[in-house]
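Here is the structure we will look at, set down as structure tokens.
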């Protein structure tokens with residue numbers, strides 16, 4: 001039999017506060033096959049680790065049980081300690097007496113009793129653990145980045161500049177994302193496209209980056225280090241290598257639709273360039289708004305192009321599927337704005353002069369619909385009184401978004417300040433709940449807006465906006481003076497929040513990554529692993545993970561890129577050896593396990609008429625094991641025998 | 001252990017992480033539940049549930065990822081199929097439905113985990129305490 005050592009962690013008072021450490025350590029020491037049981041204030045500390053190592057050597061232990069925090073925290077730490085003391089690393093088991101015991105119970109007696117049962121289960125399991133070594137697999141040293149906004153571009157450049165090939169998948173006609181739409185950035189008032197544009201061009205010119213525009217990820221197979229990805233590219237009707245952006249096709253196109261880049265404030269043709277600085281610098285034919293491609297109804301654009309002796313336009317283009325092999329994937333899918341029309345109290349969609357912040361942003365932009373002049377959408381007049389409503393549809397768990405989007409306090413301050421620059425005799429009002437200006441130079445910027453800009457900040461919610469005599473009547477409360485306030489405004493701007501991009505939930509499913517309750521990509525650990533999804537090899541960057549501003553996005557993108565590079569830097573990687581195994585003698589060749597495996601790791605050997613496990617493909621889920629009627633399949637270190645032993649151990 | 005005793009099979013990606021989150025956020029629940037961390041709800045052989053009942057646990061909880069979010073693509077669907085058959089068998093044996101429960105609990109749903117545990121404890125208190133098969137006469 002194995003000689004087992006049990007080590008109980010106090011975790012300061014986190015465990016010791018609710019569980020009687022002495023009692024469970026004594027009880028553990030009396031359990032059959034346990035040679036030694038000891039406790040320590042912090043087993044993860046250096047002296048705690050030394051205690052384990054010394055006991056392994058002194059008592060010639062074969063296996064250890066560490067009763068401490070969740071295995072999600074320190075399983076690897078304690079495996080490495082076991083290994084450092086000469087044990088096989090899979091001879092270490094965690095008994096989770098913190099997250100699932102001391103932290104959730106307050107009755108000391110009952111918690112102690114439960115902790116003892118949890119330890120007994122782990123002892124039973126570790127006694128039956130086999131000696132295993134990690135499986136080594138080769139790594140495909142390329143990366144896939146989904147989303148061509150600032151996060152995707154930054155990550156792509158970082159990975160590419162380290163010498164690895166990158167596929168940058170973008171669903172629209174150009175990379176650039178939301179940042180390309182912004183006029184200025186806070187708190188420096190840098191022109192947004194002026195700082196983004198060079199990066200877009202750099203990504204386009206980088207020989208290691210392949211930009212796939214109009215593309216979406218359709219399927220992901222495989223695992224960390226070896227993903228097989230299918231990317232579906234919509235028909236590319238305009239050849240980006242031929243097109244010289246002469247715009248002759250645009251002149252003749254008869255179809256007009258709202259321009260999404262200008263938040264619908266202007267019109268564009270069915271054939272169009274997404275924006276002046278678009279990368280790749282080529283026109284896009286939007287098949288949905290084109291008068292007809294199948295069968296061809298118009299074809300004016302092609303005629304105009306052909307007349308110039310060019311042949312950029314191919315109206316018979318087909319969708320294409322790219323099959324890519326990559327080792328790491330970074331999801332940088334970004335955000336979109338919450339639908340302001342759902343906030344009926346503000347009258348968005350009813351009164352044309354109620355705008356979202358992104359619409360106002362476009363109006364501020366020199367390349368926007370009004371060339372940077374602020375005008376009322378209804379009559380084109382220059383507004384004098386502008387009301388900004390912060391937290392529009394945010395921090396409202398009952399009716400709209402429960403969370404804070406983090407950037408709205410800052411962009412509203414910037415909008416108000418820029419409005420005052422452009423309309424010096426105008427007045428800006430900001431309704432706010434709290435000003436959240438944590439960030440370098442942020443608080444100072446808000447102060448500047450209030451003091452230099454003369455912007456009036458009113459602390460309170462707006463109850464209603466309605467139209468009266470060509471003015472928008474904004475009724476709210478100033479909670480600091482306790483008085484109701486009424487402002488007759490020319491324009492109302494709603495600071496609506498950020499929501500995950502459309503399709504990000506579907507992408508998460510395809511990537512086998514999870515999303516949180518608001519639909520943002522879930523990180524592996526909120527504090528310590530914010531750059532990774534729970535699925536190995538899938539990394540996260542940008543506002544697709546949670547609302548964040550540009551500097552944070554760029555930092556996270558470089559972080560995710562460095563995580564990906566960490567993986568790509570080595571030609572091989574180690575995988576968990578806890579995979580399925582088959583005992584040939586017991587296999588009846590029924591074949592039930594073959595379709596049960598989601599990873600095609602099981603197959604029938606036609607000659608021997610038995611099933612076979614391809615270990616490199618096995619992810620170790622154990623579904624096949626539960627489907628095997630003959631007990632021929634087992635999951636290494638989580639066998640039926642082990643689970644049965646744990647069931648019995650918990651009985652006491 | 002406190003009565004009634006519940007054995008939970010929690011998939012490590014969703015339900016076990018959800019149970020851990022209940023701990024991290026200090027959400028208290030009845031100390032009647034012991035968990036076994038499994039790779040996937042698809043790993044759970046119906047015989048584990050039978051074994052637990054035979055051993056005298058008052059209730060068994062199987063919890064995995066929500067449909068469509070299984071870390072192993074489809075393990076939870078297989079768990080659901082097996083559970084449907086198991087439920088039929090248990091009813092034929094006269095085991096009340098309250099004793100065995102299948103739930104989808106994501107890594108962020110610590111509230112749901114706590115609610116499920118407390119509900120099960122409450123429901124099982126209304127039943128006769130279970131007893132290991134060997135003690136039946």
Test set (1) more than 9 Å from chain A (Cβ to nearest Cβ); (2) within 22 Å of residue A:626 (Cβ to Cβ); (3) part of a helix (DSSP H, G or I) - residue B:124 fails condition number: (2)
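Being within 30 Å of residue A:151 (Cβ to Cβ), in a loop (DSSP other than H, G, I, E, B) and more than 14 Å from every other protein chain (Cβ to nearest Cβ) narrows it down to one of A:551, A:547, so name that one. Before you say what the answer is, go through the steps one by one.
On the way: A:551 fails: in a loop (DSSP other than H, G, I, E, B).
Going through A:551, A:547 in turn, just one is within 30 Å of residue A:151 (Cβ to Cβ), in a loop (DSSP other than H, G, I, E, B) and more than 14 Å from every other protein chain (Cβ to nearest Cβ): A:547.
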Enumeration of residues in the range A:35-51 that are outside any helix (DSSP H, G or I) and in contact (Cβ under 8 Å) with a residue 12 or more places away in the chain: A:35, A:36, A:37, A:38, A:39, A:40, A:41, A:42, A:43, A:44
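Provide a single number: the residues in the range A:51-61 that are surrounded by fewer than 22 Cβ atoms within 10 Å (Cβ to Cβ) and touching a strand residue (DSSP E or B) at 6+ places or on another chain (Cβ under 7 Å). If you could, list the steps in order and put the result at the bottom.
So the first thing to find is which residues in the range A:51-61 are surrounded by fewer than 22 Cβ atoms within 10 Å (Cβ to Cβ), and the list is A:51, A:53-55, A:57-60.
Filter again for touching a strand residue (DSSP E or B) at 6+ places or on another chain (Cβ under 7 Å), leaving A:51, A:55, A:59.
Summing the residues that are surrounded by fewer than 22 Cβ atoms within 10 Å (Cβ to Cβ) and touching a strand residue (DSSP E or B) at 6+ places or on another chain (Cβ under 7 Å) in the range A:51-61 gives 3.
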Yes/no for residue A:400 being in contact with a strand residue (DSSP E or B) (Cβ under 6 Å, 6 or more places away or on another chain) and either in the same structural domain as residue A:342 (by TED's automatic domain parsing) or farther than 18 Å from residue A:348 by Cα (or both): no
Candidates B:64, B:42 - the one that is closer than 23 Å to residue B:118 by Cα, under 14 Å from the mean Cα position of the chain (by Cα) and surrounded by 18 or more Cβ atoms within 10 Å (Cβ to Cβ): B:64
Among residues of the range A:623-634, those that are more than 18 Å from residue A:603 (Cβ to Cβ) and at the interface with chain B (Cβ under 9 Å from one of its Cβ atoms), counted: 1
Close pairs (6 angstrom Cβ cut-off, 6 or more residues apart or separate chains): within 16 Å of residue A:500 (Cβ to Cβ) in the range A:314-337, at pLDDT below 95 and outside any loop (DSSP other than H, G, I, E, B) anywhere: A:331/A:521; A:333/A:504
Residue match in the range A:468-487 (condition: buried (at least 16 other Cβ atoms within 10 Å of the Cβ) and touching a helix residue (DSSP H, G or I) at 6+ places or on another chain (Cβ under 7 Å)): no
Given (1) over 25 Å from residue A:524 (Cβ atoms); (2) at the interface with chain B (Cβ under 10 Å from one of its Cβ atoms); (3) part of a helix (DSSP H, G or I), index of the condition residue A:119 fails: (2)
Subset tally (residues that are farther than 22 Å from residue A:229 by Cβ and either within 14 Å of chain B (Cβ to nearest Cβ) or part of a loop (DSSP other than H, G, I, E, B) (or both)) for the range A:521-544: 6
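Would you say residue A:560 is within 14 Å of chain B (Cβ to nearest Cβ), over 22 Å from residue B:72 (Cα atoms) and not in a strand (DSSP E or B)?
Working: within 14 Å of chain B (Cβ to nearest Cβ): no; over 22 Å from residue B:72 (Cα atoms): yes; not in a strand (DSSP E or B): yes.
Judged against the criteria, residue A:560 is not a match.
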Residue ID - farthest from the other protein chains (Cβ to nearest Cβ), chosen from residues in the range A:579-589 that are part of a loop (DSSP other than H, G, I, E, B) and surrounded by fewer than 16 Cβ atoms within 10 Å (Cβ to Cβ): A:589
Test for residue A:513: is it touching a residue at least 40 places away in the same chain (Cβ under 8 Å) and assigned to a loop (DSSP other than H, G, I, E, B): yes
Residue, modelled with the highest pLDDT, within the range A:288-307, restricted to residues that are more than 18 Å from residue A:268 (Cα to Cα) and part of a loop (DSSP other than H, G, I, E, B): A:297
Conditions (1) out of contact with any strand residue (DSSP E or B) (no Cβ under 6 Å at 6 or more places or on another chain); (2) over 21 Å from residue A:338 (Cβ atoms); (3) in contact (Cβ under 8 Å) with a residue 60 or more places away in the chain; number of the one not met by residue A:383: (1)
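Can you name every residue in the range A:77-111 that is assigned to a helix (DSSP H, G or I) and either more than 28 Å from residue A:575 (Cβ to Cβ) or within 14 Å of chain B (Cβ to nearest Cβ) (or both)?
Residues of the range A:77-111 assigned to a helix (DSSP H, G or I): A:77-84, A:89-91, A:98-102, A:108-111.
Residues satisfying the conditions are A:98, A:99, A:100, A:101, A:102, A:108, A:109, A:110, A:111.
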Those residues of the range A:1-26 which are surrounded by fewer than 17 Cβ atoms within 10 Å (Cβ to Cβ), touching a residue at least 60 places away in the same chain (Cβ under 8 Å) and in contact with a strand residue (DSSP E or B) (Cβ under 9 Å, 6 or more places away or on another chain), in sequence order: A:2, A:3
Test: residue in the range A:605-622 that is within 14 Å of another protein chain (Cβ to nearest Cβ) and surrounded by fewer than 21 Cβ atoms within 10 Å (Cβ to Cβ): yes
Search result, residues across the range B:48-76 that are touching a helix residue (DSSP H, G or I) at 6+ places or on another chain (Cβ under 8 Å) and closer than 27 Å to residue A:221 by Cα: B:63, B:64, B:65, B:66, B:67, B:68, B:69, B:70, B:72, B:74, B:75, B:76
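Assess whether residue A:592 counts as being within 13 Å of another protein chain (Cβ to nearest Cβ) and more than 33 Å from the chain's Cα centre (by Cα). Before the answer, list the steps.
Numbers: within 13 Å of another protein chain (Cβ to nearest Cβ): yes; more than 33 Å from the chain's Cα centre (by Cα): yes.
In short, yes.
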Any chance residue B:109 is within 9 Å of chain A (Cβ to nearest Cβ), surrounded by fewer than 24 Cβ atoms within 10 Å (Cβ to Cβ) and free of Cβ contacts under 8 Å to residues at least 40 places away in the same chain: no
Those residues of the range A:343-366 which are surrounded by fewer than 17 Cβ atoms within 10 Å (Cβ to Cβ) and over 15 Å from residue A:474 (Cα atoms), in sequence order: A:349, A:366
Residue list for the range A:62-78, restricted to those being touching a strand residue (DSSP E or B) at 6+ places or on another chain (Cβ under 6 Å) and in contact (Cβ under 8 Å) with a residue 24 or more places away in the chain: A:63, A:64, A:65, A:66, A:67, A:68, A:70, A:71, A:78
Among (1) at pLDDT below 95; (2) touching a strand residue (DSSP E or B) at 6+ places or on another chain (Cβ under 9 Å), the one test that residue B:124 misses: (1)
Answer from A:254, A:281 - the residue that is closer than 30 Å to residue A:561 by Cα and part of a loop (DSSP other than H, G, I, E, B): A:281
Filter result (at pLDDT below 95 and at positive phi) within the range A:532-561: A:537
Close pairs (8 angstrom Cβ cut-off, 6 or more residues apart or separate chains): without any contact (Cβ under 8 Å) to a residue 24 or more places away in the chain in the range A:397-417, part of a loop (DSSP other than H, G, I, E, B) anywhere: A:399/A:393
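The values are calculated or read from the model by the stated rules, or taken from the named source; none is laboratory data. Values in this document were obtained by computation on a predicted structure and should not be read as measured data. When we count neighbours, we look across all protein chains shown, and the Cβ atoms used for this are built from the backbone with ideal geometry, even at glycine.
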